[in-house]
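Encoded as structure tokens, the structure appears first; notes follow it.
The values are calculated or read from the model by the stated rules, or taken from the named source; none is laboratory data. Just so you know, these numbers come straight off a predicted model, no measurement behind them. Note that we place each Cβ from the backbone using ideal geometry, even for glycine, and neighbour counts take in every protein chain shown.
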Amino acid sequence: MPGGFTDLHETLEQALLREVKEELGLDTSDISTPQFLLSFNGPYPFGPEVLRSLVSVFYATLNSTKKLVAQDDVAEIRWIRKDEVDEIPWALPVHRENALKAFELLSAQS
């Protein structure tokens, strides 16, 4: 799940496409038009402080056979199934909970 912050004067959609490019090396032509899925408020540890953040989750389909390569601050790229969510070392419990919620919402749309 690529992620990052919205820069000043950027829309959520622009930030998403920028992060996908920076972290996965994908261009807009490599994915379908991203669709909003869910949002949640959560803590964001930042040095000695814990800030509040609004996280927006989008999904898209990969339209390309381009090999995904971890870039920028991405440690690894892997595809997971819902039953593998608990194998991920999530930074915060809220991320795990919302990954499960995203799987539920996407399966309901199928």
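Can you spot a residue in region 61-71 that is among the charged types (D, E, K, R), at pLDDT 90 or above and surrounded by 13 or more Cβ atoms within 10 Å (Cβ to Cβ)? Break it down stepwise before answering.
Residues of region 61-71 that are among the charged types (D, E, K, R), as a first pass: 66-67.
From what's left, at pLDDT 90 or above: none.
For region 61-71, residues among the charged types (D, E, K, R), at pLDDT 90 or above and surrounded by 13 or more Cβ atoms within 10 Å (Cβ to Cβ): absent.
Which residue out of Val20, Val85 is in a helix (DSSP H, G or I), over 16 Å from Ala99 (Cα atoms) and either β-branched (Val, Ile, Thr) or touching a Lys or Arg at 6+ places or on another chain (Cβ under 9 Å) (or both)? Break it down stepwise before answering.
On the way: Val85 fails: over 16 Å from Ala99 (Cα atoms).
It is Val20.
Here's a check for you: in region 41-53, which residue that is out of contact with any Gly (no Cβ under 8 Å at 6 or more places or on another chain) and at pLDDT 90 or above is nearest to Gln109 (Cα to Cα)? First the steps, then the outcome.
Taking region 41-53 as the starting set, the residues that turn out to be out of contact with any Gly (no Cβ under 8 Å at 6 or more places or on another chain) are 41-51.
Those still in the list that are at pLDDT 90 or above too: 41, 47-51.
On the way: Asn41: 23, Gly47: 39, Pro48: 40, Glu49: 38, Val50: 35, Leu51: 33 Å.
Looking at residues that are out of contact with any Gly (no Cβ under 8 Å at 6 or more places or on another chain) and at pLDDT 90 or above, I get Asn41.
Please go through region 54-75 and pick out each residue that is in contact (Cβ under 8 Å) with a residue 40 or more places away in the chain and assigned to a strand (DSSP E or B).
Val55, Ser56, Val57, Phe58, Tyr59
Confirm whether Arg18 is more than 26 Å from Ser107 (Cβ to Cβ), touching a strand residue (DSSP E or B) at 6+ places or on another chain (Cβ under 9 Å) and not β-branched (Val, Ile, Thr). I'd like the intermediate steps shown before the answer.
Working: more than 26 Å from Ser107 (Cβ to Cβ): yes; touching a strand residue (DSSP E or B) at 6+ places or on another chain (Cβ under 9 Å): no; not β-branched (Val, Ile, Thr): yes.
When the stated conditions are applied, Arg18 does not pass them.
Could you please tell me which pairs satisfy a Cβ distance under 6 Å, a separation of 6+ or placement on different chains, a first residue in region 92-110 that is closer than 22 Å to Val50 by Cβ, and a second residue that is assigned to a loop (DSSP other than H, G, I, E, B)?
What qualifies is Arg96/Trp90.
Among the residues of region 25-46, is there at least one that is over 24 Å from Thr11 (Cβ atoms), of a type in the set (A, V, I, L, M, F, W, C) and assigned to a loop (DSSP other than H, G, I, E, B)?
Among the residues of region 25-46, not one is over 24 Å from Thr11 (Cβ atoms), of a type in the set (A, V, I, L, M, F, W, C) and assigned to a loop (DSSP other than H, G, I, E, B), which makes the answer no.
Does Trp79 count as of a type in the set (A, V, I, L, M, F, W, C), part of a loop (DSSP other than H, G, I, E, B) and more than 19 Å from Leu106 (Cα to Cα)? Let's see the steps before the verdict.
Working: of a type in the set (A, V, I, L, M, F, W, C): yes; part of a loop (DSSP other than H, G, I, E, B): yes; more than 19 Å from Leu106 (Cα to Cα): no.
Considered against the rule, which asks whether it is of a type in the set (A, V, I, L, M, F, W, C), part of a loop (DSSP other than H, G, I, E, B) and more than 19 Å from Leu106 (Cα to Cα), Trp79 comes out as no.
Counting only residues that are closer than 22 Å to Pro89 by Cβ and surrounded by fewer than 16 Cβ atoms within 10 Å (Cβ to Cβ), which one in region 4-20 is modelled with the lowest pLDDT?
Within region 4-20, the match that is modelled with the lowest pLDDT is Gly4.
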